[in-house]
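The values are calculated or read from the model by the stated rules, or taken from the named source; none is laboratory data. On a predicted model such as this, the values are computed, not experimentally measured, just so you know. Here the Cβ positions follow ideal geometry from the backbone for every residue, glycine too, while neighbour counts run over all protein chains shown.
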Amino acid sequence: MKNFREIEHLSAYLDGQLNQAESARLESRIKSDPELNSVLSDLRATRSLLRKLPARKAPRNFTLTRKMVGLKPPLPRTYPLFRLATTFAAVLFLLSFSVNALSPYFSFGAAAPAFGYGGGGGGDATAMEEAPAAEEPMMEMAPAEVMETPASDSGSEATEESMRNMEATPEAEIAPKDAQPEATAESQPQELQPQPEVQNEAPVPTLWVIAFLVIGVLSALVMWFMRQSAASKWR
Amino acid sequence: MDETALITSAQSGDLDAFNTLILHYQDSVFNTALRILGDEDQAQDAAQEAFISAFKSITSFRGGSFKAWILRTVTNACYDELRRQKRRPTTPLEPETSDGEEMDSPKWLADSSMTPDQKAEADELEHAIQHCLDALPTEFRTVVVLADIQGMDYTEVATASRVPLGTIKSRLARARLRLRECLRSFEELLPASFRLESESTR
């Protein structure tokens with residue numbers, strides 16, 4: 001058996017990979033060495049066998065489809081614009097819708113009067129609630145002043161003043177009794193009325209919310225048509 | 001077929017141009033995969049994977065032999081498949097003796113469904129060669145398949161297998177030696193015209 005270096009040379013010689021000088025040297029050795037000649041014959045026969053191996057025809061076509069390679073139909077240049085519009089409209093719609101839906105639970109209603117959003121009703125309601133509270137101390141204080149009047153040594157002006165108070169006191173005492181039903185009768189519709197006003201006048205106008213929704217849906221529809229059109233053209 | 005123009009078109013994303021190239025090279029690609037893997041179904045999968053991978057990376061083709069480039073892709077696909085097999089070995093479908101040992105006799109190589117003698121001889125030869133190819137280490141098998149079965153020159157084989165030219169010479173010589181030894185054991189099976197001794201002319 002020859003060493004591997006010689007066999008490597010024989011294999012390369014078989015394929016015509018040796019230069020002229022190397023080939024000539026090897027050929028002279030092959031002529032003089034029968035074993036080397038035998039190895040060359042075997043290598044040649046092996047190569048010949050491999051080359052005679054029948055080439056199989058591909059059992060099917062391996063042509064690729066666009067889906068196989070992940071290609072997508074070319075979309076119009078305006079497509080990203082609509083995608084952006086859809087995204088913005090959707091975000092704005094969700095945001096405005098959420099703000100409007102959550103506004104009754106937060107201080108939007110109380111803050112509104114300061115900014116003039118339906119503040120009239122709210123302000124009146126507060127005044128109505130505070131009105132009796134302001135009158136009550138006066139009513140309580142009036143008898144006290146009456147009681148103190150005899151004990152005081154003040155002049156006629158003080159007496160006149162206390163007399164005026166005395167005159168005023170019955171009115172004040174009567175007034176709450178008469179005013180109470182009136183006040184409750186008036187305050188009940190007034191208390192109920194402001195609340196719907198606050199709900200109606202939402203932080204974001206309803207028209208805007210609807211507009212965002214419509215823009216979003218329309219843009220999405222245009223995108224869908226663009227994709228369908230591009231796909232049908234591509235086919 | 002203007003191969004350069006088709007390659008240029010394919011590089012700019014023209015799938016139809018690439019499919020024309022596929023139709024031209026699919027037999028070579030499939031045969032290479034078949035000889036390296038030794039299984040037709042796996043060879044089909046490897047060939048398909050190779051073409052998909054080739055299309056995706058065709059912009060990396062910088063000229064030279066397109067055949068060598070595409071065969072390198074299928075060689076890589078075959079290596080991936082062989083690595084997968086190594087991780088998840090499967091049971092061979094070769095017949096076993098009653099003792100449960102794998103039959104390595106020439107009997108199993110014969111295909112009983114083939115009746116014409118010549119066809120049977122050719123099939124037996126093919127089975128014998130494939131059996132010997134399968135026994136080679138993968139890197140030797142790849143080189144011998146590309147050089148002797150696909151008829152590529154050393155430079156193309158070096159390109160396709162990403163191995164230096166000197167290594168190609170060495171691997172090819174070793175592969176041929178081992179094949180010669182292996183085929184000797186099938187000499188009785190081989191038809192007379194294919195016997196090693198009968199080959200003497202270049």
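Points worth noting:
- The listed residue being surrounded by fewer than 14 Cβ atoms within 10 Å (Cβ to Cβ) and either at pLDDT 85 or above or under 13 Å from the mean Cα position of the chain (by Cα) (or both), out of B:Pro164, B:Pro116: B:Pro164
- Some residue of region B:174-191 being part of a helix (DSSP H, G or I) and among the polar types (S, T, N, Q): no
- Those helices (runs of 4 or more DSSP H) of region B:1-68 in which at least 3 residues are within 20 Å of B:Glu139 (Cβ to Cβ), considering only elements entirely within it, cover B:15-37, B:40-56.
- Odd one out for A:Ala101, checked against (1) surrounded by 12 or more Cβ atoms within 10 Å (Cβ to Cβ); (2) away from chain B (no Cβ under 14 Å): (1)
- Leading residue by the ranking (farthest from the other protein chains (Cβ to nearest Cβ)) among those in region A:1-22 that are without any contact (Cβ under 8 Å) to a residue 24 or more places away in the chain, assigned to a helix (DSSP H, G or I) and surrounded by 15 or more Cβ atoms within 10 Å (Cβ to Cβ): A:His9
- Every pair of residues 6+ apart whose Cβ atoms lie under 9 Å, when the first sits in region B:130-146 and is hydroxyl-bearing (Ser, Thr, Tyr) while the second is surrounded by fewer than 19 Cβ atoms within 10 Å (Cβ to Cβ): B:Thr138/B:Tyr79; B:Thr138/B:Leu82; B:Thr142/B:Tyr79; B:Thr142/B:Val163
- In region A:23-47, residue farthest from the other protein chains (Cβ to nearest Cβ) [restricted to those that are surrounded by 12 or more Cβ atoms within 10 Å (Cβ to Cβ) and of a type in the set (S, T, N, Q)]: A:Ser23
- Test: residue in region A:74-87 that is among the basic types (Lys, Arg), facing chain B (nearest Cβ under 7 Å) and either part of a loop (DSSP other than H, G, I, E, B) or surrounded by fewer than 14 Cβ atoms within 10 Å (Cβ to Cβ) (or both): no
- Which listed residue is more than 16 Å from B:Asp148 (Cβ to Cβ), of a type in the set (Gly, Ala, Ser) and in contact with a helix residue (DSSP H, G or I) (Cβ under 6 Å, 6 or more places away or on another chain), from A:Ala12, A:Ala58, A:Ala24: A:Ala58
- Residue count, region B:130-158 (criterion: surrounded by fewer than 19 Cβ atoms within 10 Å (Cβ to Cβ) and of a type outside the set (Asp, Glu)): 6
- The condition of being within 11 Å of another protein chain (Cβ to nearest Cβ) and under 16 Å from B:Ile149 (Cα atoms) holds for only one of B:Leu71, B:Leu23, B:Leu15, B:Leu34, that being B:Leu34.
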